[in-house]
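Input: a single structure, listed below in structure tokens.
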């Protein structure tokens, strides 16, 4: 599942990921939509933007992980500083990828999450 | 951090966007000081506003044709106005994120806004002349506009 307020980024992540066994199940535009969609679709892997309206990514990560501790979340953000990455990991994200990213960087980051 | 170093951070951010997201290198032309206080902008402009140690704005402005081809390079088939706004906003968002990393707490940087059309003033700070950096990609010409005052 992809969570990002940018339609261009949502569609790009959906198209660019090419890992075997990973199926795109849905896309949300903010944290509120992501919580609702997670309850309905039960994804095992989520990519999450941080700066979004309604509910930001950090708060959403915290709520999703409290609901499903096994959930793997890759935070993908333009906020490229170490402090932001550390904060996301502390809230329960499994990985961090900076925007702008290449298709290869995206797939490498997703692969790391899957293989643990 | 001196003004030229600050400008370099934004130039690097734009060029990195082309390298990574569009996966094709863009070229940075020679920066120049705008002759008037409100330099011409193109069809779509993504803007971040800055305050703190410096005050002002940074804008990436590009023609519709350029943004459309960038979307094509990203395998996007929907060239709607919404997606073009989205793309230019995403570029500004990347500039904002990179600036937060490189400038730290010296600067407060806004969430990006997008302006459509060539005529709207960007509300530059008074008594500051914008620096215009040409960004060339394929046969297209965009501009990075940096206007910061102490």
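The values are calculated or read from the model by the stated rules, or taken from the named source; none is laboratory data. Values in this document were obtained by computation on a predicted structure and should not be read as measured data. A quick note on method: Cβ atoms are made from the backbone with ideal geometry, for glycine too, and the neighbour counts reach across all protein chains shown.
May I ask you to list the residues in segment B:4-25 that are surrounded by fewer than 20 Cβ atoms within 10 Å (Cβ to Cβ) and farther than 18 Å from residue B:143 by Cβ?
Within segment B:4-25, B:5, B:19, B:20, B:23, B:24 meet the criteria.
More than 13 Å from chain A (Cβ to nearest Cβ), at pLDDT 90 or above, over 17 Å from residue A:8 (Cβ atoms) and surrounded by 22 or more Cβ atoms within 10 Å (Cβ to Cβ): does that describe residue B:142?
no
So that you can scan it fast, the table gives a plain yes or no per residue for (1) buried (at least 20 other Cβ atoms within 10 Å of the Cβ); (2) more than 9 Å from chain A (Cβ to nearest Cβ):
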{"position": "B:94", "(1), (2)": "yes, no"}
{"position": "B:104", "(1), (2)": "no, no"}
{"position": "B:117", "(1), (2)": "no, yes"}
{"position": "B:147", "(1), (2)": "yes, yes"}
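For the subset of segment A:70-88 comprising residues that are surrounded by fewer than 18 Cβ atoms within 10 Å (Cβ to Cβ) and in contact (Cβ under 8 Å) with a residue 12 or more places away in the chain, which member is farthest from residue B:109 (Cα to Cα)?
Looking at the filtered set, the residue picked out is A:70.
Residue B:125 passes all but one of (1) at pLDDT 85 or above; (2) within 19 Å of residue B:11 (Cα to Cα); (3) touching a strand residue (DSSP E or B) at 6+ places or on another chain (Cβ under 9 Å); which number fails?
(2)
What about residue A:93, is it within 24 Å of residue B:10 (Cα to Cα) and in a loop (DSSP other than H, G, I, E, B)?
Considered against the rule, which asks whether it is within 24 Å of residue B:10 (Cα to Cα) and in a loop (DSSP other than H, G, I, E, B), residue A:93 comes out as no.
Among the listed residues A:58, A:109, which satisfies the condition of being in a helix (DSSP H, G or I), touching a helix residue (DSSP H, G or I) at 6+ places or on another chain (Cβ under 7 Å) and crowded, with 19+ Cβ neighbours inside 10 Å?
On the way: A:109 fails: touching a helix residue (DSSP H, G or I) at 6+ places or on another chain (Cβ under 7 Å).
Sole residue among the options that is in a helix (DSSP H, G or I), touching a helix residue (DSSP H, G or I) at 6+ places or on another chain (Cβ under 7 Å) and crowded, with 19+ Cβ neighbours inside 10 Å: A:58.
Looking only at segment A:1-51, filter to residues that are within 14 Å of chain B (Cβ to nearest Cβ), touching a residue at least 40 places away in the same chain (Cβ under 8 Å) and part of a loop (DSSP other than H, G, I, E, B); which one of those is farthest from the chain's Cα centre (by Cα)?
A:18
Restricting to segment B:41-77, name every residue that is farther than 22 Å from residue A:104 by Cα, modelled with pLDDT under 95 and within 11 Å of chain A (Cβ to nearest Cβ).
The answer is B:48, and nothing else.
Give me the pairs, please: first residue somewhere in segment B:12-39 and away from chain A (no Cβ under 11 Å), second residue anywhere and assigned to a loop (DSSP other than H, G, I, E, B) and at pLDDT 95 or above, beta-carbon distance under 8 Å, and either six or more positions apart or on two chains.
B:24/B:138
Any residue at all in segment A:66-86 that is at pLDDT 95 or above and part of a helix (DSSP H, G or I)?
Within segment A:66-86, one or more residues are at pLDDT 95 or above and part of a helix (DSSP H, G or I).
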